[in-house]
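Peer 1: The structure that follows is given in the form of structure tokens.
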Amino acid sequence: MSKVAFVRNELVPEKPAPVKTTGVVGFLRTRLFNSPTNILLTIVGALLIWFTFVPALRFLLIDAVWHGADRSACLAETAGHPVGACWPMIQAKFTQYIYGFYPENQRWRVNLTFALGAVLLIPLLVPRLPAKGLNAGLFFLAFPVVAFFLLYGSGLRGFGVNWTTSVLTSLADSIGGAGDGLMRASASVPLTGSLLWALGKLIALIGTAVAYVVSPLAWLNRQIQDSSRPVWADLAITALIVSVLVIYLAGGLRTGFRSLMATLLTFAGIAVVIAVMGLDHGGLPIVDTRQWGGLLVTLVVSVTGIVASMPIGIALALGRRSTIPLIRIFSITFIEFWRGVPLITVLFFATYMLPLFLPGNVTVDGLLRAVIGTALFAGAYQAEVVRGGLQAIPRGQGEAASALGLSWWKMTALIVLPQALRHVIPGLVNSFIALFKDTTLVSIVALFDLLGSLRASFSDPTWSVPNTLFTGFAFTGLIYFAFCFGMSRYSLFVEHRLNAHRRN
């Protein structure tokens, strides 16, 4: 066979260069101009940015006034050009926006509280830092107590023995008072008077029995209060009682040594705080919550509401799925009631109507009432979010845990609940952001949060210029955006990190 060979005499035509998909040009081609619809949306978005972002940038930065002593500096006649934001007003009112009417010579206490919160919170948010359990205990348990005595002031007159005696004595008095009231009311009821009198007598006897049981503890409390240093004596006796209980519950000194050391270290830390802050002899001067305001009130209400609503929501979600009818009915009733009432109504009721239902000698601070109402309101919403996560867990998870011999508590705490919370991170953070912004509603109940302090500053004639209103709302808007955007981005980081097993 003859061998045939072929050699091309001309070059092969060049192929067109591949479409660039990287860099700025590639991003524009693949993301913004890859279809007629996206081209139209890109043009509309560019026009929207041009007509909104550019005027806002001119107002906030380019045409803004940065220096001045009064309203004349923010007038167009003085500046020589159309005036944008009046930042000297923000500088003059900055302390009011942060502290409200908190006494100026005591504002170091607010700064110290903010610093302690940041120092404890930042290591808690960084995953690679160690000692997360200790850090969480300090932030969620110790920090609220220290922050209360820093911000509000006052001191201690006793510790565990004194507090327990007060609660039990009040309980005994309440039971006895209820029994006496029924006995007095029986005289005005002709038909069932004897039965009502007998019931009142029984309740009064129960109150007397409770008071008799509490009498040794009351005697011990009187001896402690008569000593030269009642706070330290009460602290030492409380530490001794708690240590004995820890050893007993742990099954002896050998098995409960670590728990005993943790208990003793906790009481040692409490003693250090009492000594440093002088809580045994009056503590810091009292600053009434009616003098609080600005960002301080916003953070107190929002952070306390967020932290307190989580355990409330988890408990209600588990209670709604409970097989015990009483717990399930209570949880459903609580959730549906609080979800069906606006937050404004909750705040109004907690501030103005709740004192009408309390005894005459019982008073609750106005800020505390708002915080409790906010926490209960947010807890009802968190409960439904957590319940959605619980329903997403397959039944096989619980059945496998039961097969391994785990109790219901261990199965819920170690297997079911962590997975459920991981599923609902977006919903939880969404609720947190909504609650942080909804704290502005406390201004309707005479609490000057950040927005309330801003509105109060508008009445100052020293800075009464046309642009004052827009400047103030722009400033507070930036603050709210910074906090909300930070929570959103961190939630995305946590979600991405916890769902690493689902990425391909």
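Peer 1: Set Lys and Arg Cβ to +1 and Asp and Glu Cβ to -1, take the dipole of the stretch 281-432 about its Cα centre, and tell me which of 354, 420, 301 lies farthest positive.
Peer 2: Result: 420, furthest along the dipole toward the positive end.
Peer 1: Only Cα pairs under 8 Å and at least 6 apart count here; give the relative contact order of the chain as a rounded whole percent. The partial results should precede the final answer.
Peer 2: Values: 498 pairs, mean separation 82.0, N = 504.
Once divided by the residue count of the chain, the mean separation gives 16 percent.
Peer 1: Please work out, to two decimal places, the log10 of the ratio I(q)/I(0) at q = 0.18, 0.20 Å⁻¹ from a Debye calculation in which every Cα of the stretch 270-410 carries one identical scatterer.
Peer 2: Values returned for q = 0.18, 0.20 Å⁻¹ are -1.09, -1.21.
Peer 1: Once you charge only the Cβ atoms, +1 for Lys and Arg and -1 for Asp and Glu, what is the size of the charge dipole of the chain about its Cα centre, to the nearest 20 debye?
Peer 2: Details: 36 positive and 20 negative charges, 397 e Å.
Around 1900 debye, computed over the chain.
Peer 1: Right, something else. Of the options 114, 392, 282, report the single residue whose Cα projects farthest towards the positive end of the charge dipole of the chain (beta-carbon charges: Lys, Arg +1; Asp, Glu -1).
Peer 2: 392
Peer 1: Using only Cα atoms, tell me the angle between helix 160-185 and the longest principal axis of the chain; keep it within 0 to 90° and round to the nearest 10.
Peer 2: That works out to roughly 70 degrees.
Peer 1: State in Å² the accessible area per residue of the chain; use a 1.4 Å probe, count heavy atoms of protein chains only, and round to the nearest integer. Spell out each step's value before the answer.
Peer 2: On the way: 30970 Å² over 504 residues.
Result: 61 Å² per residue.
Peer 1: If you don't mind, there's one more thing I want to ask. Which listed residue (85, 197, 95) has the Cα farthest towards the positive end of the charge dipole for the chain, taking +1 on Lys and Arg C-beta and -1 on Asp and Glu C-beta about the Cα centre?
Peer 2: 85
Peer 1: Taking the Cα centre of each part, how many Å lie between the stretch 221-296 and the stretch 399-418?
Peer 2: 35 Å
Peer 1: Do any cysteines in the chain lack another Cys Cβ under 4.7 Å, and if so which?
Peer 2: Lone cysteines by the Cβ rule: 484.
Peer 1: If contacts are Cα pairs under 8 angstrom and at least 6 residues apart, what is the relative contact order of the stretch 1-146 in percent?
Peer 2: Worked out over the stretch 1-146, it gives 11 percent.
Peer 1: In whole percent, and with a 1.4 Å probe on the protein chains, what portion of the accessible area of the chain is carbon and sulfur? Please list the in-between numbers first.
Peer 2: Values: 21520 of 30970 Å².
After summing per-atom areas, the C and S share lands at 69 percent.
Peer 1: Here is a further query. Treating only the Cβ atoms of Lys and Arg (+1) and Asp and Glu (-1) as charged, compute the dipole magnitude of the stretch 383-504 about its Cα centre; round to the nearest 20 debye.
Peer 2: Details: 10 positive and 6 negative charges, 112 e Å.
So the magnitude is around 540 debye.
Peer 1: Can you compute the equivalent ellipsoid semi-axes for the chain, i.e. the square root of 5 times each eigenvalue of the Cα gyration tensor, sorted largest first and rounded to whole Å?
Peer 2: On the way: eigenvalues 603, 278, 134 Å².
Working from the Cα gyration tensor, I get semi-axes of 55, 37, 26 Å.
Peer 1: In what sequence, highest mean first, do 418-431, 41-54, 280-293 appear when ranked by Cβ atoms within 10 angstrom?
Peer 2: Values: 418-431: 17.9, 41-54: 10.8, 280-293: 15.9.
Top to bottom by mean Cβ count within 10 Å: 418-431, 280-293, 41-54.
Peer 1: Please give, to one decimal in nm, the separation of the simple spin-label points placed at residue 499 and residue 163, each 7 Å out from Cα toward the Cβ.
Peer 2: So the label points at residue 499 and residue 163 sit 4.1 nm apart.
The values are calculated or read from the model by the stated rules, or taken from the named source; none is laboratory data. As the structure is a prediction and not an experimental result, all values here were calculated from the model. Cβ sites come from the backbone with ideal geometry, for glycine too, and all protein chains shown count toward neighbours. Quick note on the areas: whole protein, heavy atoms, side chains included, nothing else; ligands and nucleic acids left out. Shrake-Rupley method; radii C 1.70, N 1.55, O 1.52, S 1.80 Å.
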